[in-house]
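Presented below is the structure to which this report refers.
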Amino acid sequence: MNTKFKHSEIVILPEQMEHHNHGYNQVVIGLSGQTEFDIEGYGNLVCPGQGCLVTADSEHAFSGLGRNEILVLNIPVSQHSFEETYGYLQPSYAMDRVERLFDQSSYFHLDTQAQNLINALTVEMTAHPDDLLLSKACTDTLMCVLQRHFKPLASDRHSARLNMDIVDQYINKHLTRKISVTQLAGQVFLGESQFHLLFKNQTGVTPHQYVLKKRLEMAKQLMEESQLSLAQVAQSCGFSGQSSFTQAFSRLYGMPPARFKKNNV
């Protein structure tokens, strides 16, 4: 990840954990897959729509979990280092923005507007990976909007409550697929065991039970509002088969889905 002479680039991280530090600030934004970061002992997963700020000289480790892509912005810490690295000076107001943003290393979520912008910029960067002017323009653009559109999580590091809006958003988006506790924990930058404990304390059920109920609620809605067969409903809601769907639905609602569907025709 030594990209000294590029303002920004798209990087694929290796699965083997690597660690280093460097004399410039760095913004890391997840584009696809999952990556694992540890910044001065504070470790978390970074998924699409999430990222981290790595302050200059902070010891940090990183690895990719399977197929992954991240966007990396390299930001010098002073006018002198900007000139030395990139051959030009930054306006003083731009350096003030850098200093405010990199007050400390932290993890963050991006809102939808920022994510859409990043997606558009990375399409251009992928098509023109050697365009240094484009690389600079992407970094300048993102630095202008980052402070307005990200939600830092540093103050939530020891929070006793989960942000269930973030958890629900991920679950609702991925109900057709398998959802693991690790994936949910990564959405709120927690380890699996800590997430499981906080989740059970806050909701009264385990993450698995919570996701299962979400799947069954979606199945119930599909049976009420669509003409899908029971097999299609089961598949649409992420069940491995119609049999497991029938068992789970019967336990929660006290009747098999076939009878429920017949009663609501």
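Quick one: ASN44 ticks every box in (1) within 23 Å of LEU190 (Cβ to Cβ); (2) at pLDDT 80 or above except a single one, so which number is it?
It is condition (2) that ASN44 fails.
Looking at the stretch 28-53, I want the residues that are within 19 Å of GLU9 (Cβ to Cβ) and without any contact (Cβ under 8 Å) to a residue 40 or more places away in the chain and have a partner that is basic (Lys, Arg) and assigned to a strand (DSSP E or B) with Cβ atoms under 8 Å, at least 6 apart or on another chain. Which pairs are those?
Hits for this filter: SER32/ARG67; GLY33/ARG67.
Tell me which residues, restricted to the stretch 4-50, are hydroxyl-bearing (Ser, Thr, Tyr) and in contact with a Gly (Cβ under 6 Å, 6 or more places away or on another chain).
The answer is THR35, and nothing else.
Which of the residues belonging to the stretch 224-262 are touching a Leu at 6+ places or on another chain (Cβ under 8 Å), touching a residue at least 24 places away in the same chain (Cβ under 8 Å) and within 22 Å of ARG177 (Cβ to Cβ)?
VAL233, SER236, CYS237, GLY238, PHE245, ALA248, PHE249, LEU252, PRO257
Which ones in the stretch 53-76 are modelled with pLDDT under 90, open to solvent by less than 10 Å² (accessible area, probe 1.4 Å) and out of contact with any Phe, Trp or Tyr (no Cβ under 9 Å at 6 or more places or on another chain)?
SER58, GLY64 - these are the residues of the stretch 53-76 that are modelled with pLDDT under 90, open to solvent by less than 10 Å² (accessible area, probe 1.4 Å) and out of contact with any Phe, Trp or Tyr (no Cβ under 9 Å at 6 or more places or on another chain).
For a quick check of your reading: which helices (runs of 4 or more DSSP H) sit entirely within the stretch 98-192 and have at least 1 residues that are open to solvent by 60 Å² or more (accessible area, probe 1.4 Å) and either among the polar types (S, T, N, Q) or at pLDDT below 90 (or both)?
On the way: elements: 112-127, 132-149, 164-173, 181-187.
Passing ranges, in order: 112-127, 132-149, 164-173.
Of everything in the stretch 31-52, what is open to solvent by less than 30 Å² (accessible area, probe 1.4 Å), in a strand (DSSP E or B) and more than 17 Å from HIS19 (Cβ to Cβ)? Give them in sequence order.
GLN50, GLY51
Let me spell it out: the conditions are (1) surrounded by 19 or more Cβ atoms within 10 Å (Cβ to Cβ); (2) free of Cβ contacts under 8 Å to residues at least 24 places away in the same chain, and LEU197 meets all of them except one. Which number is the exception?
Among (1) surrounded by 19 or more Cβ atoms within 10 Å (Cβ to Cβ); (2) free of Cβ contacts under 8 Å to residues at least 24 places away in the same chain, LEU197 violates only (1).
Looking only at the stretch 1-27, filter to residues that are assigned to a strand (DSSP E or B) and in contact with a His (Cβ under 9 Å, 6 or more places away or on another chain); which one of those is nearest to PHE195 (Cα to Cα)? Before you say what the answer is, go through the steps one by one.
Start the filter on the stretch 1-27 by keeping residues that are assigned to a strand (DSSP E or B), which leaves 8-11, 18-20, 25-27.
Okay, now just the ones that are also in contact with a His (Cβ under 9 Å, 6 or more places away or on another chain), so 19-20, 26.
On the way: HIS19: 25, HIS20: 28, GLN26: 27 Å.
Result: HIS19.
Checking SER8 against (1) at positive phi; (2) over 13 Å from the mean Cα position of the chain (by Cα); (3) of a type outside the set (Lys, Arg), which single condition isn't satisfied?
(1)
The values are calculated or read from the model by the stated rules, or taken from the named source; none is laboratory data. What you see is a predicted model; the values in this text were computed from it and never measured. So basically every Cβ, Gly included, is an ideal-geometry build from the backbone, and we count neighbours across all protein chains shown. Quick note on the areas: whole protein, heavy atoms, side chains included, nothing else; ligands and nucleic acids left out. Shrake-Rupley method; radii C 1.70, N 1.55, O 1.52, S 1.80 Å.
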